[in-house]
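Asker: My questions all concern the structure below.
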Amino acid sequence: MSITNKMDTSAVFEMFETISNKLDKKEDKSAEPIEIDLSAVSSMTEKLETVIEEVRKPAKVEHKHRYTIDIVSNWIFLSLVVMGLMILGLSYLIGNQRQTINQYKNNDLKYRYIKMQGQTNEENIYRLERQFRHGDSIKIIRKQVEKYEELVKEQVEKTARAKQNSKDLESLQQNIETLKNSKTK
């Protein structure tokens, strides 16, 4: 076997051409767009956007306060009980006083109404007591009494003015007579 130093260049040239043709074919194929499934990527971006929105929202912090009364000694407990009983007792007394005051107001109005009538008998007093059971009747009676008292005050003022005028008239007449007497003398 003999080794030839010279190679056939035409065979090498053909090989280069076939390789270059194959490379050209691959380049033509790579220029075509390849479709890639991006659904997984889009779902992940949506999830990230929702998480980012939740993080940007201000967080509501609920504060739960618990108040406790710690009764260390019996004196504190007893003083609280005594104060509570005093409040209840005073509330009861205030309620009774208001009731008594309202009764006094009604009795005063009844007296003024009877005084307005000028005279009374047992039947009128009984009728008056029945009228005081209704709030509307009390308002009507109060208006009547107030109007009567206003008229009485006006009458008293008129009589007082009339008396004052008559006194002024008498003093003027006396002054006139003294002046006449002094001129004649």
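What follows is calculated from the coordinates using simple rules that are stated; it is not laboratory data. All figures in this text were calculated on a predicted structure; none of them were measured in a lab. Here Cβ is always computed from backbone atoms with ideal geometry, including for glycine, and neighbour counts include all displayed protein chains.
Asker: Going by how many other Cβ atoms sit within 10 Å of their own, how do Met44, Met116 line up, fewest first?
Answerer: Fewest-to-most ranking of Met44, Met116: Met44, Met116.
Asker: Using the 10 angstrom Cβ neighbour count as an exposure proxy, how do Tyr104, Tyr113, Tyr148 rank, fewest first?
Answerer: The order, fewest Cβ neighbours first, is Tyr104, Tyr148, Tyr113.
Asker: Mind telling me which of Ala162, Ala11, Ala40 comes out most flexible in a GNM of the chain, alpha-carbon contacts under 10 Å?
Answerer: Ala11
Asker: Evaluate the Kirkwood expression for the hydrodynamic radius of the range 75-184, namely the inverse of the mean inverse distance over all pairs of different C-alpha atoms, and round to one decimal in Å.
Answerer: 19.7
Asker: How do His134, His63 rank when sorted from fewest to most other Cβ atoms within 10 Å of their own Cβ?
Answerer: So the ranking, lowest neighbour count to highest, is His63, His134.
Asker: To continue, here is another question. Work out the P(r) tail for the chain: percent of alpha carbon pairs separated by more than 23 Å, whole number.
Answerer: In whole percent, the share of Cα-Cα pairs in the chain beyond 23 Å is 81.
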